[in-house]
Each structure stands twice: as structure tokens, then as C-alpha cells.
Amino acid sequence: MNSTSTPATSHDAPSTGTPTLKRGLAEMLKGGVIMDVVTPEQAKIAEDAGAVAVMALERVPADIRAQGGVSRMSDPEMIDGIIETVSIPVMAKARIGHFVEAQVLQQLGVDFIDESEVLSPADYIHHIEKHRFTVPFVCGATNLGEALRRITEGAAMIRSKGEAGTGDVSEATRHIRTITAEIRALAATGEDELYVAAKELQAPYALVKEVAEAGALPVPLFVAGGVATPADAAMMMQLGADGVFVGSGIFKSGDPAERAAAIVRATTFHDDPAVITEVSRGLGEAMVGLNVADLPAPHRLSERGW
Amino acid sequence: MTLAPAVPDSAVPGTAVRIGVLSLQGDVREHAAVLEHLGAETVTVRRPGELAAVDGLVIPGGESTVIDRLARLTGLREPLRDAIAGGLPVLGTCAGLILLAERLRDAGPGQETIGGLDVTVRRNAFGRQAESFETDLVVPALEELGSGGPTVRAVFLRAPLIEEVGPAAEVLATLPDGRVVAARQRSAIGLAFHPESTGENRFHALFLRSVHEHRLARAARRRLSRPAAGRSPDPRPRQP
């Protein structure tokens, strides 16, 4: 038997927690909608409506914004409850830099950790060293340099940050447009100019070169922060997103089950105005919005993380 | 990957086969990349009309509950079932295997399958992401291709397991402990793992071989029954 013909066959034993497995799970979520839930009941509604995964957290961003205070990882009891309730992947949020919250979430068996600016940062200098974990991480980014720094630290998925808890999609638009435009610019950059590009992006040269050659990030790029309607989700997909996170937009709306299902369908048929029109009819009230322009800078979550 | 509209299929020998990738959710692009590398043309399939125009179908990895739900909502499930029952070659990986299974254990709420593969599959059989693993598999059927050895690096992500193989299907691959992770029934192939995630293209090559055989057989049948006119399927118009 010839076992030398395929690469990477030197290690016969099954291995877990590898970069391939982390990025692989992220790839499987593409084209899907990841929904914020705060109770097992909401998780069930999200699963029934076609969520590709649920994000377990204590308060949705709109409430975090309204109530203020320090926002932290959820109670393990609540996360357990959600894990037991649904059969789809369960994600949960840790504070930026809070590697012990991440250790707890990995211990709980969540399928993905979101190192999230929606919670209060625990470290204003360092993000979590994500290679040390076997569970995959998703991190927010507002531009390409930030995305590449998170990937360097081990993120298996990037989501543009947007402005969570507002129902105002304008920041999400700005971030996905910025990231995709910077990738296109990088792809058009001469090979001899990539060294300076890496310096300007404040990201490692090897990764910058990889993105320039591929014309894409090496991990899936989702959009988050302010998506509240089927049309919002479809717009993000048309702008080049691989999938969508919906936070407050579903369970702060008049009819969460209906709206969740509509956003799922609009994400799949994002390039078909007929479907988006159909699913947008009679959805009831969208979440009450906050205009990002009216938010004083210290209250803008997207400015957390660097 | 091209987003070509539904067009009549052609059975002209020598032309590239057109493979549809079911694009309701999942790792569509990775499958398209492997297929195009092997010389196939790929189109996305999200509507019944688009299914009529393909020589073979790939059901990608993803979340099987979501793909099933969207397939039923969009009226795609019955045409898929009919096409596969009618012999359309199909390759399903992970979620795709779940959708091809005739019988499903640990299904999500209200989840159904399309069927076509006489197996019983358990969803999330290995556990959560922490139990996802990659390992070497020995797949004797790959030797049919005449190139490369029988060993593949296989990636299992919250993977399903084939717990029973019915009389109509055959085992294609097992883990070292004998548990079945790949099966085949005529031109339907179901894998619990993701060759598309590791650049492994031999399962797709195996699939494309059955697509070519199927297309030649179909062309021969047409010549026999209707020597003058080729069938021109009338794809359902785009839903307004």
C-alpha cells in the first residue's frame, strides 16, 4: 500500500483543533445567518427559522447600549441551556483580550468563540492569542489591516464590525466596503510594493502577500452590526460578504420568527429582488433604530479593538 | 464560478460537463474550485429550473437543517428527489451526505432528507466542534482512477456517520475501527468528510467519471429513441 502519494499523511493519528478544522467550520457557515440569542427559547426560534448557528450572549447589543455598565461573557448555565436546546453550532462571546473567558467557553464546548467589541474590552493592548485554543475564533474588523492582525493571532473567521445594537446598517456598509476595496487594491499592487503595503497595513508581509495573490482573505468574511431587515442582509451579501450576523435585529423586532426566516431567505437569494421583495412584505415592526451619527464617539462599539 | 442562467443541456461528446452546485448555503465555492480545476463547468443551483440544465449535482457541506429548510421552501426538494431518483449523478459531502440519506437519525426539528442513497446516517455523530478531527483514510475505490494511492487526508467537521448501509448501497470508506464514512449507490456518492477542504480532488474525479458515463448513456438512449431531435428541456421560468 502506497501511502506517500498524498500530502500530510505522515501523521496517522486523528488530530483535533487544527487550523484546517477551525477554518473548515467557518467555511461551512458561509451563505448563512448567525443569530444572537439570550435564552434557549430564542435559540429554538432561531434554529427553526433557519439560522446556521446561534450566538449565545447575556444581553443583545441594543440592551447593552441602553443599560450601559460593563458587559461580560454569559453565565455558563445559560450557554449550557442553549447548547442542550439546539443541534446547530453554538457560538459565544468573550471580551477582547479576556483569554480566561475564552478558556471557560472552550471548556463549555461552544463551537466558536466571538472575541467581541460588543462586550467591554478586558485588555486595551492585546487581543487573545487564539492559536493556543482548539476552538475556532471569529473577530471583528473595520479595515483590512485589523482583519489581518486578527488572522495572524489565529482568527478563523472575520466579521466586519458595523455598529452593533443600532439597527443602522451604515457602519456595516462602510466596513465591508473598506475591507473589500483594500483587498482589491492589494491584488492590484505590484509584488515589489507589497513590503510597503504590509508596513502600511501593519500586518505581516507573508499574509499580505497571500491576500494579494488570492484576492481574498484566507478565512471567511462575514458582516455584523446594524443588520435589521432582509434587504440589509441582501445588501451585505451583494457587497461581498460570505454571510451575516444579526444581533438585536431579530429579537428586538415585532415578529422574530418571521423576520429571522425572511433574513435567511434574503441572504441565500441576495441577488434576486423578487425574493427580497416577497420576504419583506408584512414583517411587522423592525427594531427601533439609533442613528450612528447621533451616537457620541465614546458610545461607538466599533472603535473598540485595533 | 459563473452564475449562468438555466440553459438547455447539451450531450455533445467532448464538451465540458456542466455541474450544478446546490447553493442554498455552505461551502459552494470550494466545490466549484475543485470541479473547475478538473475541467468541469459549474453553475449554482437554487431554483428548480436551474436543475434541469446540469449533468451532475454536488450538495456541499454546510448546515443540513438550513439547506433542507430552504430546499423545501423554494420547491426544490421534489425536483431534486426526482432528478436523483432518475439517475442524475450526485456527490454529497457532510451536510450533502445527510441530505442524500434515505434514513436520518438525530435530525433537527422537522428536518427531512432528499434521499437517493440507501443508508442510515446519524447527524453530528462525533459530537461538537471540539470533536471535529482530521485523519488518514484508506479508500480502495480511489485506485479505480489509476493514479495516486488509496490514502486520503479526511476532514470531519461536526460530521455525520453512516450507521447502516442498505442492500442498494456499497461501502466506499471506513475509519480504522470499521465505522462507515463514505458510501456509493450507482452514480450517487456520499461522504461524511470534506475533500474540498483539503484540495483533495479524487472524489470529485470519481464523481465526474460517473457524470461522463451517465451523459454518454443518455445520449446513446436519445439517439436510439429520437434520432432526429435532441431533447431540449424546458426550464421553468425564473420566478417573478
Net charge contributed by nearby residues that have their C-beta within less than 15 Å of A:GLU27 (K/R +1, D/E -1): -2
Go through A:176-183, A:222-229 and give me the packing order, highest mean Cβ count within 10 Å leading. A:222-229, A:176-183
For chain A, with a Gaussian network of springs between Cα atoms less than 10 Å apart, report the residue from A:ALA164, A:ALA49, A:ALA241 with the top mean-square fluctuation. A:ALA49
In nm, spacing of pseudo-spin labels at A:ARG132 and A:ALA297 (7 Å Cα→C-beta vector): 3.3 nm
What pairs in A:LYS93/A:LYS130; A:LYS22/A:LYS93; A:LYS44/A:LYS252; A:LYS30/A:LYS161; A:LYS22/A:LYS161; A:LYS93/A:LYS161 have C-alpha atoms more than 19 Å from each other? A:LYS22/A:LYS161
Partner chain coverage, peptide B:118-130 - average Cβ within 10 angstrom: 3
When you have a sec, figure out the Kirkwood radius of the range B:69-202 from all distinct Cα pair distances and drop it here in Å to one decimal? 15.1 Å
So, counting K/R as plus one and D/E as minus one, what does the shell of residues with Cβ under 12 Å around A:SER71 add up to? +2
Computed over chain A, Kirkwood Rh from alpha-carbon pairs, angstrom: 19.6 Å
Along the range A:99-112, what does the Karplus equation 6.51 cos²θ - 1.76 cosθ + 1.60 (θ = phi - 60°) give for ³J(HN,Hα), rounded to whole Hz, x for Gly and Pro? 5, 7, 4, 5, 4, 5, 5, 5, 4, 6, x, 5, 8, 7
For chain B: span of alpha carbons on each principal axis (Å, largest first): 55, 43, 34
Residue by residue, what Karplus-based ³J(HN,Hα) values in Hz, rounded to whole numbers, does the range A:268-285 have, using 6.51, -1.76 and 1.60 with θ = phi - 60° and x for Gly and Pro? 5, 9, 4, 9, 10, x, 5, 5, 5, 4, 4, 6, 7, 5, x, 7, x, 6
Strictly greater than 23 Å: what percent of every Cα pair in the range B:125-223 meets that? 30 percent
Per-residue mean of other chain beta-carbon atoms within 10 angstrom of the beta-carbon, peptide A:86-94? 3
For the protein assembly as shown, what is the convex hull volume of the alpha-carbon atoms per residue, in Å³? 152 Å³
For the range B:64-79, take each phi angle, set θ = phi - 60°, evaluate the Karplus expression 6.51 cos²θ - 1.76 cosθ + 1.60, and give the result in whole Hz per residue in order, putting x for glycine and proline. 4, 5, 6, 5, 4, 4, 5, 5, 6, 4, 9, x, 8, 4, 5, x
Just add up the charged neighbours of B:PRO109: K/R +1, D/E -1, any other residue whose Cβ is under 15 Å from the Cβ of B:PRO109. -3
Take the alpha carbon atoms of the range A:184-291, find their radius of gyration, then divide it by 2.2 N^0.38 Å using N residues; give the quotient. 1.40
Given backbone amide H placed at 1.01 Å from N, residues whose amide H is under 5 Å from that of B:PHE156, ignoring those fewer than 5 places away on the same chain, are B:PHE133, B:GLU134, B:THR135
How high is the relative contact order of chain A, in percent, counting Cα pairs under 8 Å that sit 6 or more residues apart? 19 percent
Expected integer from the mean partner chain Cβ neighbour count at 10 Å over B:149-159 is 5
Amide proton proximity set for A:ARG159, modelled H, under 5 Å, gap of 5+: A:CYS139, A:GLY140, A:ALA141, A:PHE222
Segments B:183-191, A:250-258 sorted - mean Cβ within 10 Å per residue, highest first: B:183-191, A:250-258
Could you state the per residue volume, in Å³, of the convex hull enclosing the Cα atoms of the range A:11-128? 128 Å³
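No value in this document is a laboratory result; all are computed from the given coordinates. Because the structure is predicted, anything quoted here is derived from the model rather than measured. Note: ideal-geometry Cβ built from the backbone for every residue, glycine included; neighbour counts use all protein chains shown.
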